[in-house]
Each structure stands twice: as C-alpha cells, then as structure tokens.
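As structure tokens, the structure follows; a few thoughts come after it.
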Amino acid sequence: MADPLPVRAARAGELDRAVDTIALAFAADPFMRWVFPEASDFLEHFRAVLREFGRHAIAHGSVYVAGDFAGAAIWLAPGVHPDDAVLGEVIEKGIRGQRQKDFLAVFEQMGTSHPDETHWYLPMIGVDPSRQSCGVGSALMQHALARVDRDGVHAYLESSNPANISLYERQGFEILGEIRVADSPVVTPMLRRPR
C-alpha cells in the first residue's frame with residue numbers, strides 16, 4: 001500500500017494555487033455550472049467566490065492542500081463567515097436575470113440549513129480531475145475532520161454533486177434534506193456529529 005498523501009495547511013501566498021485546483025475540480029459540477037453556465041463567467045466569478053471563502057479560512061490555517069495541490073479544501077472555523085458584500089458583488093456581476101433570483105433563493109436555503117450548534121463548515125473541496133478516485137479527497141477530509149474532532153464540534157457541508165455524497169457518507173456525514181429552486185440541480189446539506 002502506498003504512503004498516505006501528505007496534507008497540510010496552505011500558506012497565504014498559496015491561496016491562488018488552492019483556488020485553481022478547486023476551480024478545475026468544479027468545471028463540470030452540476031450546480032456550479034448551472035450558476036455560471038458560461039465558461040468565462042465560471043472561471044472569473046467562481047474563482048472570486050473561492051478567494052473570498054479562502055481568504056477567511058487561510059487566516060485560521062484551514063485551507064488544506066494534498067500533495068502538490070492534487071486537491072484542496074476550504075474549511076471555515078466556527079463563527080467565521082465570508083463577507084456578504086463581497087459575495088453580493090460577485091453574484092450581481094456574474095449571475096444574470098432569473099438565474100440570479102433563483103440562486104439567491106438557493107443560497108438563502110443553504111444559509112438556513114446550517115446547524116444551530118457550533119460547527120466547522122466546508123464550503124468547497126476539490127481534486128484535480130487527473131487525480132480523482134485516487135484517495136485525495138478522502139485524505140483531505142480525514143485531515144480536516146481530525147481537527148474538527150479535536151474541537152468536539154459538528155461539521156457541515158452542502159454537496160453540489162450527487163457523485164460526491166458517498167465520499168461524505170464514508171466520512172460520517174448524514175443527509176439532512178435537499179435544496180432545489182426552479183430548475184436548479186439539487187444541493188444536499190449534510191451534517192457530521194462530533195466524535
């Protein structure tokens with residue numbers, strides 16, 4: 001058996017590399033491509049969303065990278081949130097017409113699905129498509145969940161791709177329900193209780 005892939009916290013100067021890895025992983029994500037159907041919009045605006053979440057996580061040492069950026073995950077510590085004004089600007093610039101209204105309705109439901117209990121939040125995790133199905137996502141999850149378990153709190157995420165649900169379930173997450181507005185793909189909120 002091969003040695004486990006090393007996972008570490010990214011340094012501040014490495015945030016863009018982590019963002020690039022996650023963006024590449026989401027290039028065919030059903031929900032994110034519904035949000036940003038045009039490739040140029042996806043590359044510009046989704047990366048802006050990732051940077052906004054990432055800048056808050058990096059300050060807490062919770063942007064994790066596996067190997068030489070084979071995968072990356074952005075975790076927000078309890079009580080840490082992105083800047084709503086920055087996200088609002090990205091939404092206003094990057095999502096047009098009725099899609100913007102539908103996305104905001106999905107986003108509102110995502111916000112109300114967060115547990116009331118103290119929790120770590122995983123807004124994004126992604127593996128370079130050339131390295132998928134090689135254990136990179138599991139290594140990233142296990143590394144972060146060890147910290148979550150040390151803190152003795154819940155972990156929460158929303159899966160935007162049904163193909164990833166089994167990975168999260170193997171890590172102890174349970175499905176809380178489904179979020180869907182109009183013609184949006186399903187987003188699945190999931191919770192992992194403290195261990």
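So the values come out like this:
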| quantity | calculated |
| --- | --- |
| R8 being among the basic types (K, R), crowded, with 17+ Cβ neighbours inside 10 Å and over 13 Å from the mean Cα position of the chain (by Cα) | no |
| Identity of the residue in region 130-141, in a helix (DSSP H, G or I) and free of Cβ contacts under 8 Å to residues at least 40 places away in the same chain, that ends up nearest to the chain's Cα centre (by Cα) | S138 |
| First in region 89-101 and of a type in the set (D, E, K, R), second anywhere and part of a helix (DSSP H, G or I), Cβ under 8 Å, 6 or more apart | E92/Q100; K93/H45; R99/W34; R99/V35 |
| Boolean, L50 is among the aliphatic types (A, V, I, L, M), closer than 15 Å to V90 by Cβ and either surrounded by fewer than 17 Cβ atoms within 10 Å (Cβ to Cβ) or modelled with pLDDT under 95 (or both) | no |
| Residues that are of a type in the set (G, A, S) and surrounded by 17 or more Cβ atoms within 10 Å (Cβ to Cβ), drawn from region 11-22 | A18 |
| Among the candidates G13, G61, G67, residue that is farther than 20 Å from A144 by Cβ, out of contact with any Ser or Thr (no Cβ under 7 Å at 6 or more places or on another chain) and not charged (D, E, K, R) | G13 |
| Tally, over region 71-112, of residues that are closer than 19 Å to N164 by Cα and surrounded by fewer than 18 Cβ atoms within 10 Å (Cβ to Cβ) | 1 |
| Odd one out for A39, checked against (1) surrounded by 14 or more Cβ atoms within 10 Å (Cβ to Cβ); (2) of a type in the set (A, V, I, L, M); (3) over 13 Å from P123 (Cα atoms) | (1) |
| Search result, residues across region 43-86 that are over 15 Å from A9 (Cα atoms), touching a helix residue (DSSP H, G or I) at 6+ places or on another chain (Cβ under 6 Å) and aliphatic (A, V, I, L, M) | A48, V49, L50, V80, V86 |
| Filter pass, A25 being touching a residue at least 60 places away in the same chain (Cβ under 8 Å) and surrounded by 14 or more Cβ atoms within 10 Å (Cβ to Cβ) | yes |
| Unmet requirement for R147, which otherwise passes all of (1) in contact with a helix residue (DSSP H, G or I) (Cβ under 9 Å, 6 or more places away or on another chain); (2) within 17 Å of A10 (Cβ to Cβ) | (1) |
| Matching entry among E92, E44, E108, E52 (being closer than 20 Å to T188 by Cα, assigned to a helix (DSSP H, G or I) and of a type in the set (D, E)) | E108 |
| Identity of the residue in region 62-88, charged (D, E, K, R) and free of Cβ contacts under 8 Å to residues at least 12 places away in the same chain, that ends up farthest from L24 (Cα to Cα) | D84 |
| Tally, over region 162-185, of residues that are surrounded by 15 or more Cβ atoms within 10 Å (Cβ to Cβ) and farther than 24 Å from A146 by Cβ | 5 |
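The values are calculated or read from the model by the stated rules, or taken from the named source; none is laboratory data. Here the structure is a predicted model, which means the values were calculated and not measured. Using ideal geometry, Cβ is built from the backbone for each residue, glycine included, and neighbour counts are taken over all protein chains shown.
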